[in-house]
1. Conditions first: (1) loosely packed, with under 15 Cβ neighbours inside 10 Å; (2) within 19 Å of the chain's Cα centre (by Cα); (3) hydrophobic (A, V, I, L, M, F, W, C); (4) in a helix (DSSP H, G or I). F77 passes all but one, so which condition is the exception?
2. Identify all residues within region 36-48 that are surrounded by 14 or more Cβ atoms within 10 Å (Cβ to Cβ) and either free of Cβ contacts under 8 Å to residues at least 12 places away in the same chain or in contact with a strand residue (DSSP E or B) (Cβ under 7 Å, 6 or more places away or on another chain) (or both); write none if there are none.
3. Could you grab me the full set of residues in region 52-61 that are more than 19 Å from the chain's Cα centre (by Cα) and either buried (at least 16 other Cβ atoms within 10 Å of the Cβ) or in a helix (DSSP H, G or I) (or both)?
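Just so it is clear, none of the values below were taken in a lab; they were calculated from the coordinates. None of the values given here were measured: they were computed from a predicted structure. Heads up, the Cβs are rebuilt from the backbone with ideal geometry, glycines too, and the neighbour counts pull from every protein chain shown.
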Amino acid sequence: MNKSMSNNTLRDVADVLEARKSAEPDSSYVAKLYDKGLDAILKKVGEEATEVVMAAKDTENGKSPDKIVYEVADLWFHTLVLLAQQNLHPDDVLKELERRFGTSGLVEKASRQ
């Protein structure tokens, strides 16, 4: 998969999530999450992060790594919901990753303190 394809997918999902902000809560899962508010969205992000951890542990114990991909997709999706709810866009995260690219993780982490 090339970079533009993945960026387009993120933008496409972001566009749908933005449109769901004005949808009736009973019209979609995302509209319902928005209606429930930040705490409900954060709960889903936490649940999905835990499921990623569990899938990775299962893989370490001999199960298929496909479950990791599935669970990371859920985590990414719910973090995209969070970004949209906070009036942020995936491009904001991509710009931050680009800013960090080529910088040692140790150096970048030390600069935050």
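1. All conditions pass for F77, except number (1).
2. Hit for region 36-48 is A40, nothing else.
3. Result: K57, D58, T59, E60.
The rows are residues; the columns are (1) over 23 Å from K95 (Cβ atoms); (2) free of Cβ contacts under 8 Å to residues at least 12 places away in the same chain; (3) surrounded by fewer than 16 Cβ atoms within 10 Å (Cβ to Cβ).
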{"site": "D12", "(1), (2), (3)": "no, yes, yes"}
{"site": "L33", "(1), (2), (3)": "yes, no, no"}
{"site": "T50", "(1), (2), (3)": "yes, yes, yes"}
{"site": "K63", "(1), (2), (3)": "yes, yes, yes"}
